[in-house]
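The values are calculated or read from the model by the stated rules, or taken from the named source; none is laboratory data. Everything numeric in this text was worked out from a predicted model, so none of it was measured. A quick note on method: Cβ atoms are made from the backbone with ideal geometry, for glycine too, and the neighbour counts reach across all protein chains shown. Surface areas here come from the heavy atoms of the whole protein model, side chains and all, with no ligands, DNA or RNA. Shrake-Rupley method; radii C 1.70, N 1.55, O 1.52, S 1.80 Å.
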Amino acid sequence: MMGARPMASNQNTREPVTRGASDQKIRLVDRWRSYKAHHRATLFTTLKKMLSEPIQTLLTVVVIAIALALPSVMFLALHNVQTLSSGFASSAQITVFVKKDTGSQGITQLEKELKALPEVAATTYISSEQALEEFKALSGFGSALQYLDDNPLPAVFLVQPARSGAAELAQAQELVTAIGALAAVDDIQVDMLWMQRLATITDVSKKLVLAMGVALVIGVLLVIGNTIRLAIQSRREEIIVVKLVGATDAYVRRPFLYTGLLLGLFGAIVASMLLLGSFYWVGHSIAVLANLYQSQFQLAGPGFSGILGLWGAGALIGLTGAWVAVMQHLRAIEPK
Amino acid sequence: MIRFDNISKRYPSGLEALKRVSFELEAGEMAFLTGPSGAGKSTLLKLLMLMERPSSGTLLINGKNLNRLSRSLIPSYRRQIGVVFQNHQLLSDRTVFENVALPLHIAGYPPSETGRRVRAALDGVGLLEKETHNPVTLSGGEQQRVGIARAVVHKPKILLADEPTGNLDPVLSAEIMALFRRFQSVGVTVLIATHDINLINSLDHRIMHLEDGILTDDGGASNGQ
């Protein structure tokens, strides 16, 4: 049954027949060159494939663009609100009412004490007489006030806190407590509640935008993952053939990763156009509004780095989505 | 070059496709693998292509144990063998030239070298003038020859063929066989699975016979005569 052929394992002693297979070795530099060439070729074929199905590609890109533009617009809006509110906070003043029977020496003493506090940037003293004059001029009750026996208004210090901004509200609270402890102080008025509310609202919005951004990024990942999954299914035959002639996993993966990367990048480019469009659209109205309030406020745009960041994020999300899909589905396609 | 040592293959379904198969194929030898369909011919070739792994036994290729080859090394192993498939496995979205160039492209040959080798391989199968055609527009025999050109373009040491003449008439089949003998004559080890008894009986080559997963005829004696 076995015939005359010996089954011995003297494999190594056999003289191999000379053949043209010795040139299996390919120079490293050629390998590197063709690796780069394959990247380039894959990029171009991927682009060509995407353009050959323009409607499908456009739909996917627009879905990705909207999902990326929404959180970007909201993030930008929030950034502007924060800039605006920190401007308000810096104009916050603490009004310190001086006890009525405080003499001029006591007032000088209080001014010194106020200025000694570390968080105080500047103080302005308004004597009770000055306050009365101001009140006469502004209120319109000027003549009625002449019937008063003595000046009912207290002397006042306007205190400008050194550090301002929503984040330092807690420190402002400490400052108020410190001023309240001074001997000659009668009462303190600080209009901080609305600032606290604004800061809290900004904080809540920030969290909402973040949550929505995460949800939409997951959505983009799923959209790209599904697109790649369909692409893998439709190229099943090709994958099997290239695997049979010795393609590595990386070689098989490459076109799909490029598809994901390009979809994400194109989505981000369209998203940045939507972002800039809405920015210029709203920007003009904001400028008019700010002018009406005599404010120097200017709507801050995303900036060059912001746009680049958005593109990078889009490309990265696209690549990640493609990678996840490829990892899930490519292993399952083996030649059988 | 190829050595099967007590190889058995049992599929998860319980089917035992190969039962303790042992044989050895020398470098530069050409052999036919025959047997009725379902006898295990395809399974044997799949083991050689590493599409399947043996359940037991050792498979040595050029002295190297294939069982120990990890999954990540399969691509580089497949680049050293050439395979001709019954259903051609050509890609219809590219030209004949690109199909034949695929193994070189994957292995990272420089473009000039690729062009030279592809044209040489196409010339060898007599299809040089069809290099810009789409494989779909070619006849069955021509498609099979493109498949052969792709299998040998990287000058493999081992050439495997699964029913390469399955759908061809006797004249075309004889042409294809003549091609295989030419590769053998330059030192390639050739293993062809076929049930075309008439064809192989007319050729003087080693014939191995598989029956229900058992190698009933090693064919070594006939070769030695």
Task: Distance from region A:31-101 to region A:226-265 (C-alpha centre basis), Å - done: 28 Å
- [ ] Please name whichever of A:Ala131, A:Ala184, A:Leu114 sits farthest to the positive end of the charge dipole of region A:93-190, dipole taken about the Cα centre and charges placed at Cβ: Lys and Arg +1, Asp and Glu -1.
- [x] A:Leu114
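List every DSSP H helix in chain A whose Cα atoms extend 20 Å or more along the helix's own long axis and whose mean Kyte-Doolittle hydropathy is at least -0.5. Intermediate results must be reported in sequence, preceding the final value.
Working: long enough: A:28-52 (35 Å, -0.53); A:54-90 (53 Å, 1.49); A:193-234 (61 Å, 1.25); A:249-292 (63 Å, 1.19); A:303-329 (39 Å, 1.17).
Both cut-offs are met by A:54-90, A:193-234, A:249-292, A:303-329.
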Open item on the list: Sort A:269-280, B:19-30, A:176-187 by packing, meaning the average of other beta carbons within 10 Å per residue, with the highest value first.
Closed with: B:19-30, A:269-280, A:176-187
TODO: Leaving ligands, DNA and RNA out of it, work out the accessible area of A:Ser128 with a 1.4 Å probe and give it in Å² to the nearest 10.
DONE: 20 Å²
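Given a Förster distance of 51 angstrom, what is the FRET efficiency for B:Arg181 paired with A:Val81, based on the Cβ-Cβ distance and rounded to 0.05? Working shown, then result.
On the way: r = 82 Å, r/R0 = 1.61.
According to the calculation, E is roughly 0.05.
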Open item on the list: At a cut-off of 50 Å², which residues of region B:10-24 become less accessible once all protein chains are present than in their chain alone, using a 1.4 Å probe?
Closed with: B:Glu24
Open item on the list: Do any residues of region A:230-257 show a loss of at least 50 square angstrom of accessible area between the isolated chain and the full protein assembly, using a 1.4 Å probe, and if so which?
Closed with: A:Glu238, A:Val241, A:Leu244, A:Val245, A:Gly246, A:Tyr251
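What is the magnitude of the charge dipole of region A:210-336 about its Cα centre, with +1 placed on the Cβ of each Lys and Arg, -1 on the Cβ of each Asp and Glu, and no other charges, expressed in debye to the nearest 20? Can you show the working numbers first?
Working: 8 positive and 4 negative charges, 73 e Å.
Its charge dipole is roughly 360 debye.
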Open item on the list: Rolling a 1.4 angstrom probe over the protein chains, ignoring ligands and nucleic acids, what is the accessible area of A:Ser143 in square angstrom, nearest 10?
Closed with: 80 Å²
TODO: Have a look at B:Thr114, B:Asn201, B:Thr132 and report the one farthest towards the positive end of the charge dipole of region B:104-210, computed about the Cα centre with Cβ charges (Lys/Arg +1, Asp/Glu -1).
DONE: B:Thr114
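Charges at C-beta only: +1 for Lys and Arg, -1 for Asp and Glu. How large is the resulting dipole of the protein assembly as shown about its Cα centre, in Debye rounded to 20?
Values: 53 positive and 46 negative charges, 569 e Å.
Computed about the Cα centre, the dipole is about 2740 debye.
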TODO: Assuming R0 = 56 Å, can you tell me the calculated FRET efficiency for the pair B:Ser8 and A:Leu47, based on Cβ-Cβ distance, to the nearest 0.05?
DONE: 0.70
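Computed on protein heavy atoms with a 1.4 Å probe, what is the summed buried accessible area for the chain pair A and B, in Å² to the nearest 100? Can you show the working numbers first?
Values: alone 22170 and 10910 Å², together 29230 Å².
Protein heavy atoms only, the A-B interface buries about 3900 Å².
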- [ ] Report, to the nearest whole %, how much of the accessible area of region A:93-190 belongs to carbon and sulfur atoms, 1.4 Å probe, protein only.
- [x] 53 percent
TODO: Return a single number: how many Lys pairs in chain A, at a sequence separation of 8 or more or on separate chains, have alpha-carbon atoms below 25 angstrom apart.
DONE: 14
Open item on the list: As a test of reading the structure, rank A:Phe44, A:Phe297 by solvent-accessible area (1.4 Å probe, protein chains only), most first.
Closed with: A:Phe44, A:Phe297
- [ ] Let me have the relative contact order for region A:93-190, percent, based on Cα pairs under 8 Å that are six or more residues apart.
- [x] 50 percent
Open item on the list: What does the structure give for B:49-55 when I average, per residue, the other chain Cβ atoms found within 10 Å of the residue Cβ?
Closed with: 2
Open item on the list: Compute the angle between helix B:96-107 and the longest alpha-carbon principal axis of chain B, please, reported from 0 to 90 degrees and rounded to the nearest 10.
Closed with: 60 degrees
TODO: Determine the per residue accessible area of region A:258-336 with all protein chains present and a 1.4 angstrom probe, expressed in square angstrom.
DONE: 59 Å²
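Over chain A, what is the mean sequence separation of C-alpha contacts under 8 Å (at least six apart), divided by residue count, expressed as relative contact order in percent? Don't jump to the answer; show the numbers that get you there.
Values: 342 pairs, mean separation 85.7, N = 336.
Result for chain A is 26 percent.
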- [ ] Place a +1 charge on the Cβ of each Lys and Arg in chain A and a -1 charge on the Cβ of each Asp and Glu, then give the dipole magnitude about the Cα centre in debye, rounded to the nearest 20.
- [x] 3560 debye
TODO: Note the angle between two axes, namely the Cα long axis of helix B:140-152 and the longest principal axis of the Cα atoms of chain B, as a number of degrees from 0 to 90, rounded to the nearest 10.
DONE: 80 degrees
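So, counting K/R as plus one and D/E as minus one, what does the shell of residues with Cβ under 15 Å around A:Ala231 add up to? Intermediate results must be reported in sequence, preceding the final value.
On the way: positive: A:Lys48, A:Lys49, A:Arg229, A:Arg235, A:Arg236, A:Arg253, A:Arg254; negative: A:Glu53, A:Glu237, A:Glu238, B:Asp93.
Counting the neighbours of A:Ala231, the net charge comes to +3.
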TODO: Taking only protein heavy atoms into account and a 1.4 Å probe, give the accessible area per residue of chain B in Å².
DONE: 40 Å²
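Rounded to a whole number, what % of the accessible area of region B:26-91 do carbon and sulfur atoms account for, probe 1.4 Å? Intermediate results must be reported in sequence, preceding the final value.
Working: 1170 of 2470 Å².
Using a 1.4 Å probe with all protein chains present, region B:26-91 comes out at 47 percent carbon and sulfur.
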- [ ] List the residues of region B:169-193 that lose 20 Å² or more of accessible area once all protein chains are present, compared with their chain alone (1.4 Å probe, heavy atoms only, no ligands or nucleic acids).
- [x] B:Val186, B:Gly187
- [ ] Starting from the Cα of B:Ser56, step 7 Å along the direction of its Cβ; do the same at B:Ser22; then give the gap between the two resulting points in nm.
- [x] 1.4 nm
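What net charge is computed for the residues neighbouring B:Pro110, neighbours being all others with C-beta under 12 Å from the C-beta of B:Pro110, Lys and Arg scored +1, Asp and Glu -1? The partial results should precede the final answer.
Values: positive: A:Arg27, A:Arg31, A:Arg33, A:Lys36, B:Arg116, B:Arg117; negative: A:Asp30, B:Glu113.
Within the 12 Å Cβ shell, the charges total +4.
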Task: Where region A:93-190 is the region considered: accessible area per residue in Å², 1.4 Å probe - done: 61 Å²
TODO: Between beta-carbons, use under 12 Å as the cut-off and find the net charge around A:Lys99, counting Lys and Arg +1, Asp and Glu -1.
DONE: -2
Task: Exercise: per-residue mean of other protein chain Cβ atoms within 10 Å, A:315-325 - done: 0
